[in-house]
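S.K.: One structure coming up, written as structure tokens, with questions to follow.
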Amino acid sequence: ADSTAAINAAFEAARTSTTVRRASAGVGNPVFFKTVTVDFGSGKYLVTGPLWAGHDNDTSSDVSQCVTQIRGQGAVIFAQTNGKPVLDLTGTYGARITGISIFGSETNSPNIGILLARSGSSTPNPSAGSHNFQDVSIFGLFTLACVYDYASEVNSWVNCSFWNLAGEACYFATCNNA
């Protein structure tokens, strides 16, 4: 059965949770981030549309509302997103993704396994980066790349693997999407 709606509902529920932690912002006012975690049970999940874990574009508060931790616990996502990203982390800052595999299917192949990108210039969090990926595997067919990094800086990849059977990029990084 298609798990896209259920996973996105879990991401949305996590984004609207009320747990807030204070993070150092360096110079100026402190920035507040929600500690937002989504746990997958070990198993296989079919998705036919993008999984939106990124920023919710709510500019009404100083709290960045994005999923900051995804614990896969051995979960495998079978992606048939038909030219769209599987896991979209646009606008997310400081995410920790662990123990998950993304498989790009030959049927309705995704274009990207994980999309890392800035959300633009809107507040509160136009940036993206400082992510920590551990035990993440992205393999199968992706028409652009296993990972597409659009100006997302200072990411850490520990015990991760990428294998694109489509003959395209495994990891593509750019600061100009033209």
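The values are calculated or read from the model by the stated rules, or taken from the named source; none is laboratory data. Computed from a predicted model, the values in this text were never measured in an experiment. So basically every Cβ, Gly included, is an ideal-geometry build from the backbone, and we count neighbours across all protein chains shown. Only protein heavy atoms, including side chains, enter the accessible area calculation; ligands, DNA and RNA are left aside. Shrake-Rupley method; radii C 1.70, N 1.55, O 1.52, S 1.80 Å.
S.K.: Quick one: plug the Kirkwood hydrodynamic radius of segment 83-122 (C-alpha pairs) into Stokes-Einstein at 4 °C, 1.567 mPa s, and report D in µm²/s.
M.R.: On the way: Rh = 11.5 Å.
Calculated translational D: 112 µm²/s.
S.K.: Work through the residues other than S156 whose Cβ is under 14 Å from its Cβ and net out their charges, Lys, Arg +1 and Asp, Glu -1.
M.R.: Local charge sum for S156: -2.
S.K.: Taking the Cβ of Q134 as the center, what net charge do the other residues with Cβ under 13 Å away carry, scoring Lys and Arg +1 and Asp and Glu -1? Working shown, then result.
M.R.: Working: positive: R71, R96; negative: D135.
For residues surrounding Q134, the net value is +1.
S.K.: Here's a follow-up. To the nearest 10 Å², what's W52's accessible area with a 1.4 Å probe?
M.R.: For W52, the solvent-accessible surface is approximately 80 Å².
S.K.: With Cβ to Cβ distances under 13 Å as the rule, what net charge do the other residues near P110 carry (K, R +1; D, E -1)?
M.R.: Cβ neighbours under 13 Å give a net charge of -2.
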